[in-house]
1. Under a GNM of chain B (C-alpha, springs under 10 Å), which listed residue has the highest mean-square fluctuation: B:Gly147, B:Gly121, B:Gly159?
2. Taking the Cα centre as origin and putting +1 on Lys and Arg beta-carbons and -1 on Asp and Glu beta-carbons, what dipole magnitude results for the stretch A:20-133, to the nearest 20 debye?
3. Report, please, the projected area of chain A averaged over directions, based on the convex hull of its C-alpha atoms, in nm².
4. Average partner chain C-beta neighbours within 10 Å, per residue of B:80-89?
5. Across peptide A:67-78, how many C-beta atoms of other chains are within 10 Å of each residue C-beta, on average?
6. Under the √(5λ) rule applied to the eigenvalues of the Cα gyration tensor, what semi-axes describe the equivalent ellipsoid of the stretch A:62-139? Give them in Å, descending.
7. State, to one decimal in nm², a quarter of the convex hull surface area for the C-alpha atoms of the protein assembly as shown, i.e. the direction-averaged projected area.
8. Kindly put A:Phe120, B:Phe36, A:Phe64, B:Phe179 in sequence by how many other C-beta atoms sit within 10 Å of each C-beta, fewest to most.
Amino acid sequence: MRPYLLLAALLIGACGAEPQPPLVATELVVTRPMPGARMSAAYLSLTNNTEATIRITRVTSAQFGSVQLHESILDNGIARMRAIPALEIPAGETLTLQRGGKHLMLMRPTGPADVVSLQFFDDENLVLSVDTEFETKAH
Amino acid sequence: MSPKNLIIAIVLAIALSTGVFVAMRLQAPPALKTAFVLPGAAPLPEFALVDQSGNTISRDSFRNHWDLLFFGFTHCPDICPATLQVLASARNELDAAGQEPLPRIVLVSVDPERDTPELMGKYVGYFGDGNLGITGSLEELRKLTSGLGIYFEKQAGQGDDYAVDHSAAVLLVNPDGEFHALFSSPHIVENYVHDVPLIMEGQ
């Protein structure tokens, strides 16, 4: 009987679970603006729990005047930084934004702050909102 | 050749080649991990820029110490601070290991339009004491970069929101004020800790 009870318990547990959010952010790091510089960067992993591609086309933050989707590229020994139109996260996959690659460029801090909030939008709706403390270091 | 002489010849040949191999191993300096030492060190071109305190910086400012030169800009949130942090960490590790002398870390701005001496001072100071931040006129900057084969180009943007593409390499300048060795990206702390003392000793 025991295996059946266990199965039943698991099924009840599964039915009672909260539905997964469509997009989940992990490993979020926001650097402090460098001394004298009016910008910083955010790095994170975005996991798409839905069955369709999610395209983040806009990110906002109350603590910064502007947030741009950027990508650093190393091209034949030349460091290039480019604005990109969207962060595409295929169904069920994770996109990692990391140093030297895709990242959020946070520009024009609106004032001193310990916590930064980020809102991720697709073409129409708010998809994800996260808060985190600034990293202790500025890079 | 008789079989006996043939054996002697083979034994001699093996002994000789082994000896040459061992001698080469003994004489060969330890291999560098990533640095490329120029076959002939190249004097820095003539230029006149300023440091974070407003002092004039010319090629003579690079005499009598080793310098690690990186070309970047302060409005660069990703690659530039990451590279400077690698150089600062390597310098700290070399210092802890008793390396003497230590190379100075120098950031040359490829964005003199926005990078004032004051801003350069705050930026390089963040990565440690004794670092040098250089900026100045575009014309003088071009003299330095074109003489060293360093590329940079301002990209289109809106107002003050623009990026500058630039060479990602780090240059090691020797105490004679000559471009001595090149570190290409990716920049890794361990490679600097390993290669910089070897290059200095080879001087």
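All of the numbers you see were taken from the coordinates with simple rules; none came from a lab. On a predicted model such as this, the values are computed, not experimentally measured, just so you know. Ideal geometry is used to build each Cβ from the backbone, glycine not excepted, and the neighbour counts take in all protein chains shown.
1. In the Gaussian network model the winner is B:Gly159.
2. Working: 9 positive and 12 negative charges, 113 e Å.
Computed charge dipole of the stretch A:20-133: roughly 540 debye.
3. 11.8 nm²
4. Values: counts 6, 9, 6, 3, 2, 4, 0, 0, 1, 0.
Other-chain Cβ atoms within 10 Å of each residue's Cβ, averaged: 3.
5. Across A:67-78, the average partner-chain Cβ count within 10 Å equals 4.
6. Listed largest to smallest, the semi-axes of the stretch A:62-139 are 22, 19, 12 Å.
7. Averaging across all directions leaves 31.4 nm² for the Cα convex hull.
8. Least to most surrounded, the residues fall as B:Phe36, B:Phe179, A:Phe120, A:Phe64.
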